[in-house]
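Accompanying notes for the structure given below.
The values are calculated or read from the model by the stated rules, or taken from the named source; none is laboratory data. Every value quoted in this text rests on a predicted model; they were computed, and no experiment measured them. Cβ atoms come from the backbone with ideal geometry, glycine included; neighbour counts cover every protein chain shown.
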Amino acid sequence: MRIWGKILKDNKMIKDTVIENNDTDLSRTKKVYAALEAICKEFDLAVPIWLDLNKKEFILHSRTHFTSDSFIEGIDFDSLDFQVIEEDYWV
């Protein structure tokens, strides 16, 4: 699984990274949470809270964006976008 995280401010991408997790022992959900933690660590951010809107967006589209409502601490950007760009499929 590969997940793309990017920080946006004024409709411009400020930072981005791609996190890859090929651990076949982890469920999709655990990979998603681990990727979000890794992205936040790389960007030196607190991990955001998954609000109902984020959960619904992610379930429907495999992507969501975290705004200031999702962060306990203040942020100096508009959103953290989080998107699955490659899934693991087993036969």
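Each row is one residue, and each column tells you yes or no for (1) farther than 12 Å from Arg2 by Cα; (2) touching an Asp or Glu at 6+ places or on another chain (Cβ under 8 Å); (3) surrounded by 14 or more Cβ atoms within 10 Å (Cβ to Cβ).
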| site | (1), (2), (3) |
| --- | --- |
| Ile39 | no, no, yes |
| Leu51 | yes, yes, yes |
| His61 | yes, no, no |
| Asp78 | yes, yes, yes |
| Val84 | no, no, yes |
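For beta carbons closer than 8 Å, sequence separation of 6+ or different chains, a first residue in segment 1-13 that is under 30 Å from Asp88 (Cβ atoms) and in contact (Cβ under 8 Å) with a residue 12 or more places away in the chain and a second that is crowded, with 19+ Cβ neighbours inside 10 Å and among the small types (Gly, Ala, Ser), the qualifying pairs are Met1/Ala35; Ile3/Ala35; Gly5/Ala35.
For segment 1-31, residues that are under 20 Å from Ile72 (Cβ atoms) and either of a type in the set (Val, Ile, Thr) or part of a helix (DSSP H, G or I) (or both) total 1. Could you tell me whether Trp50 is of a type in the set (Phe, Trp, Tyr), at pLDDT 95 or above and not in a strand (DSSP E or B)? So Trp50 fits the description; yes.
Could you tell me whether segment 26-35 includes any residue that is touching a residue at least 12 places away in the same chain (Cβ under 8 Å), within 16 Å of Glu86 (Cα to Cα) and surrounded by fewer than 16 Cβ atoms within 10 Å (Cβ to Cβ)?
Of all residues in segment 26-35, those touching a residue at least 12 places away in the same chain (Cβ under 8 Å) come to 28, 31-32, 34-35.
Now narrow it down to the ones that are within 16 Å of Glu86 (Cα to Cα): 28, 31-32, 34-35.
Subset that is surrounded by fewer than 16 Cβ atoms within 10 Å (Cβ to Cβ): 28.
Checked against the condition, which is being touching a residue at least 12 places away in the same chain (Cβ under 8 Å), within 16 Å of Glu86 (Cα to Cα) and surrounded by fewer than 16 Cβ atoms within 10 Å (Cβ to Cβ), segment 26-35 yields at least one hit.
Evaluation of Ile85 against the conditions (1) under 9 Å from the mean Cα position of the chain (by Cα); (2) assigned to a strand (DSSP E or B) shows that the sole unmet condition is (1). In the set (1) touching a residue at least 60 places away in the same chain (Cβ under 8 Å); (2) over 11 Å from the mean Cα position of the chain (by Cα); (3) under 15 Å from Ile75 (Cα atoms), Leu45 fails one condition alone, (1).
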